[in-house]
Amino acid sequence: MKVKLLTTISFFTCQLSISQTEKLLYGKVISNNYPLNKVEVINKTAKKSTRTNELGEFSILAKEQDSLLFFSKDYLFIRLKLTLKDLEKSYLIVEMTQKAEELENVVVSRSVFNKTELKKIANDREEIDKIKIRKQFDDVTTKVTVYDGKIKNAINFSHPIFDKPKKKIEPSDDHFKKLVIASCPPDFFIKNLKINSEEKEIFLNFCNADPKSKTLLEKSNDLELIDFLYAKNEEFKKLNTGIKN
């Protein structure tokens, strides 16, 4: 009985020492099986950072419960709270998702994609490459001009000359909300901030009321945005608790 007890104590002591000791964690960041180069890997808990190499590989000192953040300009950020299982792995694989608006910025002269179609190909690297190649072809072919009998720079009388088309003015209140949605993964609010779908809109309005949200719109820094959302989440939770009490 004593032997079993000592064995159990030794096991838990060993597990505790592993969880409290920093370990050099090796991993790889990919998107659709493609390695991602120059992804910022930040240990927010230990205030350490590194970058992935051309093969998408990285190594960083970390321990259990440390928060790792993965940032890349064209991809949705990833936040990973390390568990003992993560540390025991010889190699950690992190999958990142490309931001939808990066695809929307790809202008294809002779192809039109609606938002639904863009979302479908958002993670298809092969399809994205095809679109870029098609765009390069269109750019070249549009520069080759053939005389068609029309007078260059002639006035087109089919449209009003003096009336300019009215621009759609978006409410400024929507800008911060759109920035958050574009920068954060879909499950960020529920998984990381513990905010349900009913509270999400209220929380975003609460954040938007803070003058710092306007500064973030100008800077558009993902790391500062995440820090801001976590800080406002603490305030939001305290406010909700106070109202309930």
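Which members of the stretch 48-71 meet the condition of being in contact with a helix residue (DSSP H, G or I) (Cβ under 8 Å, 6 or more places away or on another chain), more than 21 Å from Thr97 (Cβ to Cβ) and not in a loop (DSSP other than H, G, I, E, B)? Show your work before the answer.
Looking only at the stretch 48-71, we keep the residues that are in contact with a helix residue (DSSP H, G or I) (Cβ under 8 Å, 6 or more places away or on another chain), and these are 62-65, 69, 71.
In the following step, the residues that additionally are more than 21 Å from Thr97 (Cβ to Cβ) were identified as 62-65.
Residue satisfying the conditions is Ala62 alone.
Where residues in the stretch 207-245 are aromatic (Phe, Trp, Tyr) and touching a Leu at 6+ places or on another chain (Cβ under 8 Å), which of them is least open to solvent (accessible area, probe 1.4 Å)?
My answer is Phe228.
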query: Which residues, taken from the stretch 65-84, are open to solvent by less than 50 Å² (accessible area, probe 1.4 Å) and farther than 16 Å from Asp222 by Cβ?
result: Asp66, Leu82, Leu84
- request: Scan the stretch 32-56 for residues that are in contact with a Lys or Arg (Cβ under 7 Å, 6 or more places away or on another chain) and buried (at least 20 other Cβ atoms within 10 Å of the Cβ) and jot them down.
  value: Val39, Val41, Thr52, Gly56
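For the stretch 180-203, name all the residues that are more than 24 Å from Lys81 (Cα to Cα) and either in contact with a Pro (Cβ under 7 Å, 6 or more places away or on another chain) or open to solvent by less than 90 Å² (accessible area, probe 1.4 Å) (or both).
Initial filter on the stretch 180-203 (more than 24 Å from Lys81 (Cα to Cα)): 198, 201-202.
Glu201, the sole residue that qualifies.
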statement: Scanning the stretch 72-86 for residues that are outside any loop (DSSP other than H, G, I, E, B) and of a type in the set (Val, Ile, Thr) gives Ile78
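The values are calculated or read from the model by the stated rules, or taken from the named source; none is laboratory data. Bear in mind that the values here come from a model prediction, so they are computed numbers and not experimental data. Because the Cβ atoms are built from the backbone with ideal geometry, glycine has one as well, and the counts that use them run over all protein chains shown. The protein model used for the area step is the full one, side chains on, heavy atoms only, and it has no ligands, DNA or RNA in it. Shrake-Rupley method; radii C 1.70, N 1.55, O 1.52, S 1.80 Å.
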